[in-house]
1. Taking only C-alpha pairs under 8 Å that are 6+ residues apart, what is the relative contact order of segment 100-254 in percent?
2. Specify the inter-centroid distance of segment 87-148 and segment 162-205, based on alpha-carbon positions, in whole Å.
3. Treating cross-link reach as a plain straight distance, find the aspartates and glutamates whose alpha-carbon is under 12 Å from the alpha-carbon of residue 259, omitting any fewer than eight places away in the same chain.
4. State the Kirkwood hydrodynamic radius of segment 22-83 in Å, one decimal place, computed from all pairs of distinct Cα atoms.
5. If you take the beta carbon distance between residue 41 and residue 213 as r and set R0 to 45 Å, what does 1/(1 + (r/R0)^6) give as a FRET efficiency, to the nearest 0.05?
6. Which of the residue pairs 62/95; 95/250; 62/250 have a Cα-Cα distance greater than 28 Å in the structure shown?
7. With +1 on each Lys and Arg Cβ and -1 on each Asp and Glu Cβ, how big is the dipole of segment 17-265 about its Cα centre, in debye rounded to the nearest 20?
8. Please compute the length gained on full extension between residue 155 and residue 48, using 0.36 nm multiplied by the number of residues separating them and subtracting their Cα-Cα distance.
Amino acid sequence: MLKLEKDILTDKPEVDPAEGRDHVLAQEFSVFYGDSEAVARVSFGIPARLVTAIIGPSGCGKSTFLRAINRMNDLIPHCHVTGGLVFDGKNIYSKQIDVVALRRRIGMVFQNPNPFPKSVFDNVAYGPRLAGIRRKSRLSEIVEQSLTRAALWDEVKDRLGQNALGLSGGQQQRLCIARALAVEPEILLMDEPTSALDPQSTARIEDLIGELRGDYTIIIVTHNMQQAARVSDMTAFLYEGRLIEFGSTKKLFTKPEEKRTEDYITGRFG
Ligand SMILES: Nc1ncnc2c1ncn2[C@@H]1O[C@H](COP(=O)(O)OP(=O)(O)OP(=O)(O)O)[C@@H](O)[C@H]1O
Ligand SMILES: [Mg+2]
């Protein structure tokens with residue numbers, strides 16, 4: 001079995017996703033780059049207000065799947081999808097979907113912190129301003145609230161006017177989370193959000209994920225098995241674009257159904 005540094009999984013409650021509603025539902029969903037099928041007919045439901053980890057070896061389609069959820073793949077030429085990807089009862093790829101509105105409801109945080117070269121305040125106020133909020137007092141309120149939720153307020157409350165690029169990497173990543181939260185999304189997509197961070201900043205982000213859990217649906221891609229075991233309720237294991245196994249994190253890491261899952265989580269490949 002996976003050797004975890006402490007017994008993270010022992011205290012983890014077994015999650016029954018059938019109890020909650022599916023916030024995102026993939027039905028035979030594929031993503032192609034030209035003729036190559038990077039995500040291959042995956043079917044599973046991502047439960048609302050829990051943390052779902054997506055794991056698998058490099059190139060297995062994790063980022064492709066994650067980006068598909070808020071249609072970031074639209075910008076890539078020759079990329080197309082088949083099958084269904086349903087959010088809130090509607091197919092994300094139907095012609096009626098307003099992509100800007102979709103991305104407001106489904107926020108994203110990337111591997112490398114990417115704040116705008118603007119002040120801390122303006123980074124967080126960016127989305128709300130785009131959404132038409134102009135009143136300074138309202139913007140200040142949103143900025144404080146979002147930075148507090150992202151566990152960054154105390155560190156930056158006296159330097160809101162300073163350039164965000166002057167923050168440490170870990171602070172920049174929490175700022176990016178605050179920026180995503182400022183438009184009150186329902187889902188937060190995180191693609192290896194800590195892989196560019198030191199262990200201490202990583203721990204802060206993991207704690208933060210724990211605090212946001214319950215209020216947001218969080219989908220996190222990670223190469224770190226310990227991290228998946230620590231932060232997630234559900235885990236999806238992808239291999240060569242296919243969904244090999246999906247289930248509660250506790251079950252998948254302790255009693256996987258599939259040999260390939262076991263081989264991957266025990267570090268035999270990947
Ligand atoms: N823009 C693109 N154009 C063409 N092929 C792409 C593009 N992006 C990804 N691919 C291919 O799609 C497959 C899945 O890539 P993806 O980036 O989703 O994998 P991943 O699981 O996120 O990998 P990693 O763990 O290395 O980040 C790979 O074979 C990759 O080469
Ligand atoms: Mg990736």
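What follows draws every value from the coordinates through simple rules; no lab data is involved. Please read all numbers here as calculations on a predicted model, not as lab measurements. In this analysis, Cβ positions are derived from the backbone assuming ideal geometry, glycine residues included, and neighbour counts consider all displayed protein chains.
1. Result for segment 100-254 is 27 percent.
2. What the calculation gives is 14 Å, centre to centre.
3. Once the sequence-local aspartates and glutamates are set aside, what remains near residue 259 is 245.
4. Across segment 22-83, the inverse of the average 1/r is 12.1 Å.
5. 0.95
6. Distance filter (> 28 Å) returns 95/250.
7. 760 debye
8. So the extension gain works out to 35.5 nm.
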